[in-house]
1. Using label points projected 7 Å from each Cα along Cα→Cβ, tell me how many nm separate Leu102 and Asp284, to one decimal.
2. Go ahead and estimate [θ] at 222 nm for the chain from helices alone: -39,500 (n - 2.57) per DSSP H run with n ≥ 4, summed, over the residue count, rounded to 500.
3. What is the ratio of the Cα radius of gyration of region 163-253 to 2.2 N^0.38 Å, where N is its residue count, to two decimals?
4. Go through 396-406, 280-290 and give me the packing order, highest mean Cβ count within 10 Å leading.
5. Can you give the angle from 0 to 90° between the axis of helix 94-110 and the longest principal axis of the chain, with both taken from C-alpha atoms, to the nearest 10?
6. Consider just the alpha-carbon atoms of the chain and return their Rg together with their Dmax, both in angstrom.
7. Report the semi-axes of the equivalent ellipsoid for region 89-197 in whole Å, largest first, where each axis is √(5λ) for an eigenvalue λ of the Cα gyration tensor.
8. So which residue, out of Met262, Met298, Met358, gets the largest mean-square fluctuation from a GNM of the chain using Cα contacts under 10 Å as springs?
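Any read-out appearing in this document is the output of simple, stated calculations on the displayed coordinates, not a laboratory observation. What you see is a predicted model; the values in this text were computed from it and never measured. Here the Cβ positions follow ideal geometry from the backbone for every residue, glycine too, while neighbour counts run over all protein chains shown.
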Amino acid sequence: MTFDLIIRNAALPDGRTGLDIGVRGGRIAAVERAIAAEAGRVVDAAGHLVSPPFVDVHFHMDATLSLGLPRLNQSGTLLEGIALWGELKPLLTHEAVVERALRYCDLAVSQGLLAIRSHVDVCDDRLLAVDALLEVKRKVAPYLDLQLVAFPQDGYYRSPGAVDNLKRALDKGVEVVGGIPHFERTMADGAASVRALCEIAAERGLRVDMHCDETDDPLSRHVETLAYETQRLGLEGRVAGSHLTSMHSMDNYYVSKLLPLMAEAGVAAIANPLINIVIQGRHDTYPKRRGMTRIPEMRQYGILCAFGHDCVMDPWYSLGQADMLEVAAMAIHVGHMTSREAMRFAFDAVTVNPARIMGLEGYGLEVGCKADLVLLQAKDPIEAIRLKATRLAVVRGGRIIAETPARLSRLSLEGRPETVDPASYAPLG
Ligand SMILES: [Zn+2]
């Protein structure tokens, strides 16, 4: 029996070590000790971690890498970011949006990030960004799964034309229904938008992912309506609430009622820790709220939770490098999730959990899964997060599509080692 590729002596995210992964025909064909077979290519993992690829389940690819166009966000606030995006929108060209998105996908691939759910703003009668990202989706399909969400940035009811534009975007092939209920004119309009958008998803057999309650207002409770509509329309397991930052500020008693309702409805939660920590709490003096939604508490109710990057070098956030380990690290800090178990969960929240929310077929490390893999310069998931570990190799369909040299510093110190390997400091066991 021969393989196209064998990765030898890998550690897996579930804690197993010393395993070989054999790949044939673009799929994982064997995961076992010491595979005795030939292969077209053999990679020695040297005990390092091999993971399925990173997944970013919340991103804005129509805005990425536009930093400084047409000006910088001076206040750093969400509302100035939205206003700034409004200034940029009429200036966008198809070619520029495609080029920036493709460049971002290059960066993503180098970071082992091979699946992205991107919201695309439909509050533009030209639907220029929709057409551009549909083109990008086709172009990157061989190496990156791009799933698009029809997102009415300026409000489904508040923005003239958004109701019609959202339908047109879905007709063109955008596959997830978005929303922004807290940005509608009234609470009632917000609730009505959730109802209408979930009905569209039910009619068309689509998934739902709404920007929901991205505010510090504890009375912004649209996630309650989202859970209700999910159950009413039989959308369980297909709906996600993104951000949910108002929950950070909600009354504990209300949350104790809300979380079981979300769990019953199978509504997933997507936090965006890098963005939440800089955008929320902006009207606070001291103490300043963190704003990230209640991930540890939601986990206790069995709610599926994931972390998204949301923004990289755009009107809302001028930092970022497509590194989902940076996202996981921020979540751990903001959410006080420093137990060993919670840190391992944080790795799942940028890999297997978002893959479930996106409904990715063949994702994982079992035999029969797609041979999409990342070899990290780390021994386990916690060390990977600690180091924002180097992606030594990125594999798509059994083919190595990106490689980065190991991080190794040379020292010139009397009586000390000549090199420092950051991945050599993990405690044993
Ligand atoms: Zn977003």
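1. Distance between label points: 4.3 nm.
2. It comes out at -10000 deg cm²/dmol, rounded to the nearest 500.
3. 1.06
4. Per-residue mean Cβ counts within 10 Å order the peptides as 396-406, 280-290.
5. Around 40 degrees separate the two axes.
6. Cα only, the chain: 21.8, 71 Å (Rg, Dmax).
7. The three semi-axes for region 89-197 are 27, 15, 12 Å.
8. Among Met262, Met298, Met358, the largest mean-square fluctuation in the Gaussian network model of the chain belongs to Met298.
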